[in-house]
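First up is the structure itself, then whatever we jot down about it.
The values are calculated or read from the model by the stated rules, or taken from the named source; none is laboratory data. As the structure is a computational prediction, the values presented were derived from the model and not from experiment. All Cβ positions, glycine included, derive from the backbone under ideal geometry; neighbour counts span all protein chains shown.
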Amino acid sequence: MTFFSVLLSLILEQYFPVGPHHWMQRLMRTWIDRVPNYCDTGEETSAKVAITVLIIPPVVFVLMVHLWLIYQLPIFALAWNILIVYSFMGFRQFSFHYRSIQVALEEKRLDDARHELAQWVGPSLNTETMTESDVVRHTLERAILAVHSNVFGVFFAFLLPIGPAGVVLYRLTLMAEERWRFGVVSPKLMTIIQKFRYLIDWIPTRLTAIGFTIVGNFEQAAYAWRFHQQKWDTQSKAILIGTGGGALGVQLGEPLPQMKSEQALILADTGEVPIQEVGILPMPAHLTAGASLVWRAVVLWMILLGMLTLAVWISP
């Protein structure tokens, strides 16, 4: 049931994309925005209560429906799984911006690509003076994070024993952390939701990175995973963007700082090799390669899930 739920959800999403105005997305955003208004008083206890209120009711409801359908109406349990996975998993939630930037760069419309990137990322990123390479770099970085949270993270959350409830738990936490980051919530609540997101995203982040490493340039991806942690502000970003860039053979993130002569001499004396950049500077062609990398990773995990499903069916 798991394999077909994911497969049919992916196919359905290609023909009927789930956009930001989908009813499920609007329902989750409304729920996320209202919880702090009633539970967040700025204290640690109230922050924990807010997280509990945010997570428990939707997750329990989805789980109870899932279990009831399994024992009463199994065919509708499959439909329920598809509905939940389809509502939260999908390329189309971010691929419109990605494709628009790709087309603009192919047609040498750099200003349009900058504008589309600014619309995608928001005011936190100034794109006015970006070069073509900078636009490609930020587009790839944003796409890698988006494909993890909207596709691979949902995929791995669905494999949890609680099934579709795991998808709701995962996406609700990520959406809350992203919306509260720029909203009016207390520092205590923000700190707790960030810690909770890191906890539930620890395994999915590494599984996504493993997929990129296998289907891309293995050596460069593994090197970036190991040595480029300092290039991003969080470990999750470092792992995802580092392995994604390494798998593509392209330099992502800010350039590594120049090594001082004293440090270079010390490394030379000890025989250690200094940390280096991997790959080449981003070019518009890398956007096509990035889309191909993602689809190869999707095929990889679907094949593994299909083999696991077949093994369960034929086992005595």
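Here are a few things to note about the model shown:
- Output for the stretch 119-147, where each listed residue is at pLDDT below 90 and among the aliphatic types (A, V, I, L, M): Val121, Leu125, Met130
- Residue in the stretch 140-147 that is assigned to a helix (DSSP H, G or I) and of a type in the set (D, E, K, R) present: yes
- Test: residue in the stretch 42-49 that is of a type in the set (Val, Ile, Thr), surrounded by fewer than 17 Cβ atoms within 10 Å (Cβ to Cβ) and over 28 Å from Glu141 (Cα atoms): yes
- Residue that is nearest to Pro282 (Cα to Cα) [pool: residues in the stretch 100-135 that are surrounded by 15 or more Cβ atoms within 10 Å (Cβ to Cβ) and under 18 Å from the mean Cα position of the chain (by Cα)]: Leu117
- Scan of the stretch 53-82 for residues that are free of Cβ contacts under 8 Å to residues at least 12 places away in the same chain and either on the phi > 0 side of the Ramachandran plot or buried (at least 17 other Cβ atoms within 10 Å of the Cβ) (or both), ordered by number: Leu69
- When Ala247, Ala224, Ala285, Ala209 are checked against the criterion of being at pLDDT 80 or above, touching a Ser or Thr at 6+ places or on another chain (Cβ under 8 Å) and over 12 Å from Ile144 (Cα atoms), a single residue qualifies: Ala224.
- Candidate set: the stretch 171-222, residues that are closer than 23 Å to Gly290 by Cα and charged (D, E, K, R); chosen: the one surrounded by the fewest Cβ atoms within 10 Å (Cβ to Cβ): Glu219
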